[in-house]
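To keep things clear, I will list the structure first and then write my remarks on it.
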Amino acid sequence: MGLLCLGTPLTWDETSKYADHVREHGITQFLHILDRAKDRHGDDFLWGDEIEYMVIAFDDETKNAKLSLRQTKILASLNKSITDLKADASDPMLTPDFHAEYARYMLESTPGSPYTGSIQDLLSVESNMHYRRLFIRRHLNTNQVPVTVTSFPRLGAPGIFTEPHFSPDGAKPSHSLFLPDEVISPHERYITLTTNIRSRKGHQVSVNLPIFNDDETPRPFVDPTIPWQRSLHPVDNGVALKDHIYMGGILFGAGCCCLQLTFQSCNIEEARCMYDALIPMAPIMLALTAASPIWRGYLSDVDCRWSVLSGCFDDRTAEEMGRAPLRENKYVIPKSRYDSVGLYISTDWNNKAAYNDINVPYNQEIYTRLVNQGVDKLLSKHMAYIFIRDPLVILSETIDQDDEASNYHFENLQSTNWQTVRFKPPPLQSPIGWRVELRSMEVQLTDFENAAFAVFIALLSRAILAFNLNFYIPISKVDENMSRAQKRDAVRQGKFFFRKNVLPPGCISPTMTTPSSSGSSSPLGWQDGNPPKEAKLRNGFPRVPPPPMPVDTPVEDEYEEMSMEEIFSGKGATFPGLLGLVEAYLDTLDINPSERLQISKYVDLVRRRANGSLLTTASWMREFVRSHPSYKFDSVVSQEINYDLMVAIDEMYVFLLEELSAFLTVRLQREGRLACSRAFTPRLRAIASEWTA
């Protein structure tokens, strides 16, 4: 969630005085980065994943699954073990990285070093994820487990949902009616972020999610669990909507877990092309990984976390939201700082001006400065758009920086614009190059599922480059897709805007571009007109030049509404589907049959999710609750139901270990858990069949 530096954080009143200072020096730092790295070329394809976990503590006597607030102690234990391992391990993959996250019950993990483009690394993703989960598990108490759950179903619900328990009475940094401040990670950045977002906005952040109207849900639904008598901020009164689940407090969004992927490009131009290509993919992958249907103890009528994140990090004032005339603020800003992307940035000829069809306010002074320094207009506007925001956390020790040797002020704003896709310049004095991060996906319950989506996106990213694919649709349609992606059962019931023909002009099938592929004779090494098989995933594919006589097709004729199955499996003669594109790319690689078989299991999971034959995590959770013996069909997810749900999720991990890793022995630690796991064995076997088929 951004920079974690030690120092003395400023209050909001103090921070706001330095906002222009941070913006001015942040842009100076960006210009220094750009000057050093704009001609950088030839970086290999490296990539990585970031997975977030919740630590659950089981109380079998009271049938309660609670969030463990032992983050500090767990991280200390983990990092001590990692330090010891680094002294002996020759393979950096054996020493993963673990970090704190916003909530005290969360842990973040990344591989010890980036994956390369080798097939062996591609097939190691699942085992690496499994290794990290097992590593965490071995550093927990016997009643604790790490789970990859996007949102904890009873966070902020009445009763005890943390271990140890704290009362939300008197919560000051958060001003939440539902959450104690002790749930926030103790790092000063997170405490200050919480306070300053609320202070800048002028009142508590709030989110209202529509309730899932079940057979016995009161109509209208007026939440009886809101403790209005504890109101700490006047604006809380009246903001809870009827027929909605009300959540006040940043932690409802910041306490969610996700799966994020970062890809290194060979140069800045390729990174900008990849950034643009992943923008339309972000809502599609959000829907496909939907995993958060339960909030504050209620079934909601949405399946994803994104609107919660957007609302919880929305620091805009009434003026900036267009609800009051501009007096104190400079801009009306259409989106939260945690939202979908505002504009495409590639200079490739495929990027028509008409695709950037929404209002994107930007800092005119910064834009002019960048253009005058030789930065092209699209990248200048992108940075000027990011820099309309104020810094949220400033440490007194970091105010004055050497702009040639530091990127702190740049990253202060860059890292607090939490968009679905992030364009990432190279860090200072680092071998790391230009990167793109896909941030929209929800974390899945098993390592197999998370690996499947990671592998699929890695392969699709290479297919985009190898075949010069064009995914452009107007940004307004991407925003509409973001809204549709979060609806209940969007994968099976929804339709999404997608481009009809993604292939270059004149191509009727995916064709790899090479520097010498346009001559009358085949380049050296080709056989029967086909290029030689490639040994690994890579960067550096040449771009297709524009056709000599381009056809000016109206933008609205370039896309249409498609079902999720059509997007992935294809529609018509000109669109082979995302799965077809990935399969075509796999055909260009030198892969042995056993490697192709393992990859096909990952691809098949994505296929089954897209065609609806395998439920999303959100749909499975909803069915779990509605089939539970104690559920009263009133939308309430009780403590008992939540306990059994968390047990079943942990049993998936145990089941898969027992079924699929015979050399590991994992014993059930609590009485009464087998009944729950047996009741939901079909789900477990559905996932296991993907792994073992």
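Return the total of residues in the stretch 15-30 being touching a Lys or Arg at 6+ places or on another chain (Cβ under 8 Å) and within 19 Å of PRO426 (Cβ to Cβ). Step through it out loud before you land on a result.
Narrowing the stretch 15-30 to residues touching a Lys or Arg at 6+ places or on another chain (Cβ under 8 Å): 16, 27.
From what's left, within 19 Å of PRO426 (Cβ to Cβ): 27.
Adding up the residues that qualify gives 1.
Is it true that MET54 is of a type outside the set (D, E, K, R), under 23 Å from PHE313 (Cβ atoms) and at pLDDT below 95? Taking the combined requirement at face value, the residue does not satisfy it. The residues of the stretch 426-436 that are touching a residue at least 40 places away in the same chain (Cβ under 8 Å) and either over 15 Å from the mean Cα position of the chain (by Cα) or open to solvent by 10 Å² or more (accessible area, probe 1.4 Å) (or both), listed by number, are PRO426, LEU428, ILE432, GLY433, TRP434, ARG435. The residues in the stretch 560-569 that are surrounded by fewer than 19 Cβ atoms within 10 Å (Cβ to Cβ) and closer than 11 Å to LYS500 by Cβ can be counted, and the count is 2. Is the stretch 62-69 home to any residue that is in contact (Cβ under 8 Å) with a residue 40 or more places away in the chain, surrounded by 15 or more Cβ atoms within 10 Å (Cβ to Cβ) and more than 28 Å from the chain's Cα centre (by Cα)? Yes, the stretch 62-69 contains a residue that is in contact (Cβ under 8 Å) with a residue 40 or more places away in the chain, surrounded by 15 or more Cβ atoms within 10 Å (Cβ to Cβ) and more than 28 Å from the chain's Cα centre (by Cα).
Quick one: in the stretch 166-211, of everything that is on the phi > 0 side of the Ramachandran plot and either of a type in the set (Gly, Ala, Ser) or modelled with pLDDT of 95 or more (or both), which residue is surrounded by the fewest Cβ atoms within 10 Å (Cβ to Cβ)? Among residues in the stretch 166-211 that are on the phi > 0 side of the Ramachandran plot and either of a type in the set (Gly, Ala, Ser) or modelled with pLDDT of 95 or more (or both), the one surrounded by the fewest Cβ atoms within 10 Å (Cβ to Cβ) is GLY170. Among residues of the stretch 212-238 that are open to solvent by less than 90 Å² (accessible area, probe 1.4 Å), those with a Cβ under 6 angstrom from a residue that is modelled with pLDDT of 95 or more and among the β-branched types (Val, Ile, Thr), sequence gap 6+ or separate chain, pair up as PHE221/ILE211.
Considering the stretch 600-614, the residues that are among the hydroxyl-bearing types (Ser, Thr, Tyr) and part of a helix (DSSP H, G or I) include one that is most open to solvent (accessible area, probe 1.4 Å), namely SER600.
For the stretch 312-349, filtering for residues that are touching a residue at least 24 places away in the same chain (Cβ under 8 Å) and more than 22 Å from SER440 (Cβ to Cβ) leaves 8.
Can you tell me which residues in the stretch 10-56 are in a helix (DSSP H, G or I) and aromatic (Phe, Trp, Tyr)? Break it down into steps so the answer makes sense when it comes.
Quick first cut of the stretch 10-56, residues in a helix (DSSP H, G or I) only: 12-17, 19-37.
Hits for the stretch 10-56 are TRP12, PHE30.
Against the conditions (1) part of a loop (DSSP other than H, G, I, E, B); (2) touching a residue at least 40 places away in the same chain (Cβ under 8 Å); (3) farther than 23 Å from SER569 by Cα, ILE649 satisfies every one except (1). Among the conditions (1) at pLDDT 85 or above; (2) more than 30 Å from ASP43 (Cβ to Cβ); (3) open to solvent by 60 Å² or more (accessible area, probe 1.4 Å), the only one that PRO545 does not satisfy is (2).
Does the stretch 242-260 hold any residues that are buried (at least 24 other Cβ atoms within 10 Å of the Cβ) and assigned to a strand (DSSP E or B), and which are they? Answer for the stretch 242-260, where residues must be buried (at least 24 other Cβ atoms within 10 Å of the Cβ) and assigned to a strand (DSSP E or B): ILE245, MET247, GLY248, LEU259. Inspect all residues belonging to the stretch 9-28 and state whether any of them is of a type in the set (Val, Ile, Thr) and open to solvent by 10 Å² or more (accessible area, probe 1.4 Å). Within the stretch 9-28, one or more residues are of a type in the set (Val, Ile, Thr) and open to solvent by 10 Å² or more (accessible area, probe 1.4 Å). Condition check for ALA57 on (1) open to solvent by less than 60 Å² (accessible area, probe 1.4 Å); (2) over 29 Å from GLY253 (Cβ atoms): one failure, at (2).
In the condition set (1) surrounded by fewer than 21 Cβ atoms within 10 Å (Cβ to Cβ); (2) touching a strand residue (DSSP E or B) at 6+ places or on another chain (Cβ under 6 Å); (3) within 30 Å of VAL647 (Cα to Cα), LYS495 is compliant with all but (3).
The values are calculated or read from the model by the stated rules, or taken from the named source; none is laboratory data. As the structure is a computational prediction, the values presented were derived from the model and not from experiment. Note that each Cβ is placed from the backbone with ideal geometry, even for glycine, and that neighbours are counted across all protein chains shown. The area values use the complete protein model at the heavy-atom level, side chains included, leaving out ligands, DNA and RNA. Shrake-Rupley method; radii C 1.70, N 1.55, O 1.52, S 1.80 Å.
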